[in-house]
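What follows is calculated from the coordinates using simple rules that are stated; it is not laboratory data. Predicted model, so just to flag it, every value in this text is computed and none were measured. Methodologically, a virtual Cβ is constructed for each residue, glycine included, from the backbone with ideal geometry; neighbour enumeration extends over all protein chains shown.
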Amino acid sequence: MTKISPVSTLSAAPVSALQPLVEVENLTVKFVSREATVNAVNGVSFVINPGEVLCIIGESGSGKSVTMRALMRLLPMNKTRIGGHMRVGEHEILKLTDRQLSTIRGSTISMIFQEPMTALDPVYTIGHQIAETVVRHEGCSYADGMKRALELLEFVKVPSAERRLKAFPHELSGGLRQRAMIAMALSCRPSLLLADEPTTALDATVQIQVLVLLRKLQVDMGMSMIFVTHDLGVAAQIADRVAVMYAGRIIESGPVKDVLMNPQHPYTRGMLASSVHSATRGEDIEAIPGSPPDMRRLSSGCAFAPRCAYADDACRAAIPPETVPGPGRTVCCFKAGATALAS
C-alpha cells in the first residue's frame, strides 16, 4: 500500500508558476427541457493563477453556483448543454471521461458545498467518509486513511477530534459539519478548492471562524480557490480578485480593493449601497430596484438595463462589450465612466 504523508506536510499538488492554474473561456451553460431553455451562464471567462483566490459575487440566480458545478462537471448532462473551454492544470475539463473525472475530483479539484448535510452521507461516520476519500485517491490502507482523517480533523481545528471521528453527521453542529467537509475537501491536497457559499447557513460568529480558517489553510497549502458568495463583506475578507456576475455574465472584475472601493458598473455600486457593511448608522439601506431577469427570456441588450438609472436606448439594444478601465480591471457597461463619476 502507498504510504501517505502527514497532514503537517500537506501542500497543494505542484503546478507550473509560468501559466495560470485555471482558464475558463466563453463558458456557456443551458438547461434544456420540453418547456423552456434556461440560459444560466452566458459567455463567462476568467483566469486564476496558482495560489490566488477569486471571489464570484452576485444575487441568487446570477449563475455563480452553476459556473462552479460546470467546472466540476456535476451538472446533469442529459439536460445540460455546456459550451466553451475549461482547463484546470493539465486537464481539459470538457474532454475528460467519467473515469478521469472521478480521478481528479477530490485530488486536483475539490468542492465545499453550502449545506454539508446534503454532501455528507448520513449513514457513515465522519471518519469513515474522510478515510474512504483518502484510500480511493492515494491507494493507502484503511487504517492509514483513518489516521489521516484524525490528523485532518485536528488540522481544521475540530475539538475532541478523536471522538468526532466516530460521530455521524447529524451528531455534529453546523459549524463542525462544515469543518469536517473542509477536512474531506483538503484530504488529497487539491490544487483548486471550490467553495460554494460555505458560510451562509452558519451564524455570524461561526462564519468568521470558518472564513479565517479557510483563508489560513489556503495560504498554508498554497491552493488556488474560487469562493462564491453574495456577501461583499466576505469577499473583502477572503479574496485577491473579485468577479461580479449578473444574468450569467461577469460584468465587472478586478483586484478586490479596486472593485469595492471604486466600482465601475451600476450593479456593483447598487450591491455596495444595499450592503450593511457600507451603511451608516441611522440611514436606510438602498435596495436595487426591480428584480433579476427571467433567464428563459433574456433581452438582446444589457440584462441590467431595466433596473439601471443610467440606461438608454443603446443599453437596451446591445450587450455592452468588455472594456479595461484600469490595470487588471474589466467592466461591461456603456456608461461605466459616467456612472463612476456620478457616484
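Here each label is just a point 7 Å from Cα along the line to Cβ, and for E171 and K79 those points are 3.6 nm apart.
Among the listed pairs K30/K64; K64/K166; K64/K157; K257/K335, which are separated by more than 23 Å between their Cα atoms? Walk me through the numbers before you get to the answer.
On the way: K30/K64 14 Å; K64/K166 35 Å; K64/K157 29 Å; K257/K335 21 Å.
Pairs exceeding 23 Å: K64/K166; K64/K157.
Here the extension length gained between R296 and T118 equals 61.3 nm, from 0.36 nm per residue of separation less the Cα-Cα distance. For the pair E59 and E35, the difference between a 0.36 nm per residue extended length and the Cα-Cα distance amounts to 6.2 nm.
Give, in nm to one decimal, the length gained when the segment between V212 and K257 is fully stretched (0.36 nm per residue of separation minus the Cα-Cα distance). Mind showing how you got there, number by number?
On the way: separation 45, 0.36 × 45 = 16.20 nm, distance 1.83 nm.
Roughly 14.4 nm would be gained on extension.
Taking Cα atoms only, the orientation of helix 174-186 departs from the longest principal axis of the chain by about 80 degrees.
So which trypsin sites (Lys or Arg not before Pro) in the stretch 66-118 pass both tests, a DSSP loop state and at most 15 other Cβ atoms within 10 Å of the Cβ? Kindly include the intermediate steps, with their values, before the conclusion.
Numbers: sites: R69, R73, K79, R81, R87, K95, R99, R105; in loops: R73, K79.
In loop regions of the stretch 66-118 (DSSP not H, G, I, E or B), the sparsely surrounded trypsin sites (Lys or Arg not before Pro) are K79.
Going by the alpha-carbon gyration tensor, a ≥ b ≥ c the square roots of its eigenvalues, is the stretch 219-321 rounded (a/c under 1.5) or, if a/c is not under 1.5, prolate (a/b greater than b/c) versus oblate? Oblate. For the chain, what relative contact order do you get, as a whole percent, if you take Cα pairs closer than 8 Å and at least 6 residues apart? Result for the chain is 20 percent. Projecting label points 7 angstrom from Cα along Cα→Cβ for D312 and Q100 puts them 5.0 nm apart. Using a simple spin-label model with pseudo-atoms 7 Å out from Cα toward Cβ, T323 and E92 lie 3.6 nm apart. In order along the stretch 86-100, phi translates into HN-Hα couplings of 9, 10, 10, x, 9, 9, 7, 4, 6, 9, 6, 6, 4, 5, 5 Hz, rounded to whole numbers, per the Karplus curve 6.51 cos²θ - 1.76 cosθ + 1.60 with θ = phi - 60° and x for Gly and Pro. Computed from Cα positions, the angle between helix 142-155 and the longest principal axis of the chain comes to roughly 50 degrees. Based on the alpha-carbon gyration tensor of the stretch 7-230 and its eigenvalue square roots a ≥ b ≥ c, which shape applies: rounded if a/c is under 1.5, prolate if not and a/b is larger than b/c, or oblate? Because a/c hits 1.5 or more and a/b exceeds b/c, the stretch 7-230 counts as prolate.
Where in the chain is the longest stretch that carries no GluC sites (Glu not before Pro) classed as loop by DSSP and with at most 11 other Cβ atoms within 10 Å?
Details: sites that count: E35, E90, E283.
That would be 91-282.
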